[in-house]
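Heads up: the structure comes next, in C-alpha cells.
The values are calculated or read from the model by the stated rules, or taken from the named source; none is laboratory data. The model shown is predicted, which means the values in this text are computed figures rather than measured ones. Cβ atoms come from the backbone with ideal geometry, glycine included; neighbour counts cover every protein chain shown.
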Amino acid sequence: MSESAPMTFVGDDVVITVRRAVASDLDALIALDPRPEIGLPARRLAEQEAGTGIFAVAEANGEVVGSGFLDFNDEELNPELKNLWVPPAHRRHGVGSAVWRWLEERAAEAGHQQVFLAVDPQNFRAIPLFLELGYSPTGDHLIMETPDSYQVLEPNQPSSYHAIYRKSLLAG
Ligand SMILES: CC(C)(COP(=O)(O)OP(=O)(O)OC[C@H]1O[C@@H](n2cnc3c(N)ncnc32)[C@H](O)[C@@H]1OP(=O)(O)O)[C@@H](O)C(=O)NCCC(=O)NCCS
C-alpha cells in the first residue's frame, strides 16, 4: 500500500474511511471543532504540509465524522497521537478507533517502534478506547497549562495534568 493510502474500516453499522486531511476539508473540520477559537485545524494542516505531522480525517456517508493528528515534532513525546475528536452525534460507531489505528500505521510506516499519547485521567470515554487498542500508562504525566474541558464529564473540572500512555508498534 502506498504511504498514507486511505483505509476503510467497517464500524458497528457504518463504513468509515480514514485518510489524510486536505485543504478542502477545512470548512468541515472547523464546523466540527470543539475549540474553533484556537484555529487548530488550519494549524494542523500547515504542520502536515511542513512534514512534521499527519492530519487524519474520518469520513462516513460522504461526511467528515472525526479527526486526529500524529505529531512527529512534539517537545515531550515522539511521536505523539493527539487531538482525537469525534463529534457527539457520531460516537460509538468505531470512528475514534479507526482514526487512531490509521495513525498508528502511519507512525510504523515512518519507522517508529512506539507511539505515545497524553490523556486527562478523568476522560472516561477515551481511556477505555486506548486500553482496548493496547496502550498502557507509563506512570509519567504532563502538566497542562490549558486543560481540555471538552474531554471530561464535568467541563469545569478538567485535570491540570495528563497521564502519558505508550503503545509498542512491534507486534504489527
Ligand atoms: C473519545 C472519543 C474520541 C471516542 O470516539 P468514538 O468514535 O466514540 O470511539 P469508538 O466508537 O471507536 O469506541 C471504541 C471503544 O472505546 C470505548 N469507548 C468509547 N466511548 C466510550 C464511552 N463514552 N464510555 C466508555 N467507553 C467508551 C469502548 O470500549 C468502545 O467500544 P464499544 O463501543 O464497542 O464499547 C470521543 O468520545 C471524543 O471525541 N471525545 C471527546 C474528545 C476526547 O476525549 N478525545 C481524546 C483526547 S486524548
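Numbers for the structure displayed
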item	result
Verdict on LEU103 being of a type outside the set (Gly, Ala, Ser) and closer than 22 Å to SER24 by Cα	yes
Qualifying residue in segment 122-136 (condition: basic (Lys, Arg) and under 20 Å from PRO41 (Cα atoms))	no
Residue list for segment 91-118, restricted to those being under 12 Å from ARG166 (Cβ atoms) and β-branched (Val, Ile, Thr)	VAL115
Qualifying residue in segment 134-153 (condition: modelled with pLDDT of 95 or more and either near the ligand (Cβ under 8 Å from one of its atoms) or assigned to a loop (DSSP other than H, G, I, E, B) (or both))	yes
All strands (runs of 3 or more DSSP E) inside segment 1-100 with 3 or more residues being closer than 19 Å to ASP120 by Cα and within 15 Å of the ligand (Cβ to nearest atom)	63-71, 80-85
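Residue by residue, here is whether (1) surrounded by 15 or more Cβ atoms within 10 Å (Cβ to Cβ); (2) more than 26 Å from GLU59 (Cα to Cα); (3) in contact (Cβ under 8 Å) with a residue 12 or more places away in the chain holds:
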| position | (1), (2), (3) |
| --- | --- |
| GLU104 | yes, no, yes |
| VAL119 | yes, no, yes |
| PHE124 | no, no, yes |
| GLU132 | no, no, yes |
| SER136 | no, yes, yes |
